[in-house]
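Peer 1: Questions regarding the structure given below will be posed in turn.
Derivation of every value follows stated rules applied to the coordinates shown; laboratory data play no part. Here the structure is a predicted model, which is why all the values come from computation and not from measurement. Glycine also receives a Cβ, built like all others from the backbone with ideal geometry; neighbour counts cover every protein chain displayed.
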Amino acid sequence: MTERIVLLPGDGIGPEVTEQARLCLVAAGKQAGLEFEFQEELIGGASIDAHGTPLRDEVIEACRGSRAVLLGAVGGPKWDDMPVDVRPERGLLGIRKALGLFANLRPASVLPALVNASALRPEIVEGVDLLVVRELTGGIYFGEPRGRQGEKGNRTAVNGMFYAEHEIERIARVAFEQARLRRNHVTHVHKANVLDVSQLWVEVVDEVAADYPDVELAHQLVDSCAMLLVQEPKRFDVIVTGNLFGDILSDEAAMITGSLGMLPSASLATGGFGLFEPVHGSAPDIAGKDVANPLAAILSTAMLLETTFEAKDAAAAIRDAVSAVLAAGHRSGDLLLPGELRETVGCRRMGELVLEELERA
Ligand code: IPM
Ligand code: MN
């Protein structure tokens, strides 16, 4: 039986990194007895150019008929002047909403080979291993009222932040379950000294915590969390938070590890269906030059293998292969230290190196 995967390469470096990820997925899947069939579709700017809209219903249907979705990145300067409602990013938000992908898991761990690639001191980042659990289909990203009014001199704009109890409860449960697989600690990040929405989060997260007496819970204000993340990142295990705070803090957490080019993510629906994508964006400045780092996309396929197919060994094989390639000294441009004179490898070569490691194992 072949397993259908929808590929949404998207814009910028999306297609390059997705191609390397696909090759690694095929190789690791084969070792686990999995055979894939890929269906490639357009999203974001690529879809705007071809069809006049960033996400078509046919694409959503194709995703629904698949086992999992592997996405690259969306957006670019070409579409930057478009109104928010028709921009490439709308495609990404649209697919998250349409597929009910409310739970966004963004792990950030520091690989031994990259301890020096972080802008923070090695003793601060060494051993960091945290997971941001970001609510992905609610909050200010989707809230009402929204929109702009008035003419110049009198312009106003509004975006409502709304959360219903059930939305908070289900993401909190995901966080507590993840903590049980890790170090049994959850930090809930909020702004309850100002926002009613955050006060509701604190209440509901506390209620859910009662079902997880084995997991320790801390509540942390978002501003102080931003500070603690750079001061003492090792104190965090699982961080759970709303859509907007999670967007910001996951980029910050990613940079602790040295490069946004290393971080994978999974966006999951009830029942476990998932879309997997690198946390980084479309990086239009380096697109098409074969210099992008495909490792975040490749590591996203490890999350896909373990989440969608429970293929833990195949996922571990991918992670081990990536670690081995880095330990052997290979670096893409984004992983170089300031002033470091080391030969870099391109996107395709980096993918090949991981494949070679996979085949050796
Ligand atoms: C992310 C991105 C998206 C977001 C954008 C591209 C809409 O920054 O996945 O973190 O804000 O969620
Ligand atoms: Mn983001």
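Peer 1: With a 10 Å Cβ neighbour count serving as the proxy for reagent exposure, in which order, fewest first, do 348, 87, 106 appear? Working shown, then result.
Peer 2: Numbers: 348 16, 87 20, 106 23.
Lowest count first: 348, 87, 106.
Peer 1: Separate question: Enumerate the whole-percent occupancy of each 10 Å bin, from 0 to the last occupied one, for all C-alpha pair distances of segment 129-256.
Peer 2: It works out to 13, 42, 30, 10, 4, 1, in whole percents.
Peer 1: List the residues whose amide H sits under 5 Å from the amide H of residue 220, counting only those 5 or more places along or on another chain, with H placed 1.01 Å from N in the peptide plane.
Peer 2: Under 5 Å from the amide H of residue 220 lie the amide H atoms of 188, 189, 190, each far enough along the sequence or on another chain.
Peer 1: Still on this model: Using Cα centres only, tell me the gap between segment 1-62 and segment 299-328 in whole Å.
Peer 2: 18 Å
Peer 1: Let me ask you something else. Hey, got the dipole for the chain? About the Cα centre, +1 on K and R Cβ, -1 on D and E Cβ, debye to the nearest 20?
Peer 2: 320 debye
Peer 1: Given an 8 Å cut-off on Cα distances and at least 6 residues of separation, report the relative contact order of segment 84-174 as a percent.
Peer 2: Dividing the mean separation by the residue count of segment 84-174 yields 25 percent.
Peer 1: To make sure I understand the rule: partners must be aspartates and glutamates, Cα under 20 Å from the Cα of residue 152, and not fewer than 8 residues away in the same chain. Which ones qualify?
Peer 2: Of all the aspartates and glutamates, those that pass the test against residue 152 - Cα under 20 Å, at least 8 places apart if same chain - are 81.
Peer 1: Given segment 129-256, what percent of its DSSP beta bridges are antiparallel, to the nearest 5?
Peer 2: Rounded to the nearest five, the antiparallel share is 25 percent.
Peer 1: Can I ask one more? Once the piece of chain linking residue 195 and residue 320 is laid out straight, how much longer is it, given 0.36 nm per residue of separation minus the C-alpha distance between them?
Peer 2: 40.7 nm
Peer 1: Remind me, relative contact order of segment 180-253 in percent, using alpha carbon pairs under 8 angstrom and six or more residues apart?
Peer 2: RCO, segment 180-253: 45 percent.
Peer 1: On to the next question. Among 164, 181, 204, pick out the residue whose Cα is farthest towards the positive end of the charge dipole of segment 155-246, where Lys and Arg carry +1 and Asp and Glu carry -1 on C-beta, about the Cα centre.
Peer 2: 181
Peer 1: Let me ask something else about it. Can you work out the Karplus-derived ³J(HN,Hα) for every residue in segment 160-177? Use 6.51 cos²θ - 1.76 cosθ + 1.60 with θ = phi - 60°, whole Hz, and x for glycine or proline.
Peer 2: x, 9, 10, 9, 8, 3, 5, 5, 6, 4, 5, 6, 4, 4, 4, 5, 5, 5
Peer 1: Relative to the Cα centre, what is the charge dipole magnitude of segment 1-151, using +1 at the beta carbon of each Lys and Arg, -1 at the beta carbon of each Asp and Glu, and rounding to the nearest 20 debye?
Peer 2: Details: 16 positive and 22 negative charges, 64 e Å.
The calculation lands at about 300 debye.
Peer 1: Calculate the dipole size of segment 129-256 relative to its Cα centre from +1 charges on Lys and Arg beta carbons and -1 charges on Asp and Glu beta carbons; express the result in debye to the nearest 20.
Peer 2: 480 debye
Peer 1: Here's a follow-up. Only loop residues by DSSP count here, and only those with at most 10 other Cβ atoms within 10 Å; note down the trypsin sites (Lys or Arg not before Pro) in segment 85-189 that meet that.
Peer 2: The qualifying sites are 152, 155.
Peer 1: Can you give me the P(r) profile for the chain? Cα pairs, bins 20 angstrom wide beginning at 0, each as a whole percent.
Peer 2: Result, from short to long distances: 29, 60, 11, 0 percent.
Peer 1: Taking every DSSP beta bridge that has both residues in the chain, what percent is antiparallel when rounded to the nearest 5?
Peer 2: Antiparallel bridges make up about 40 percent of those DSSP assigns within the chain.
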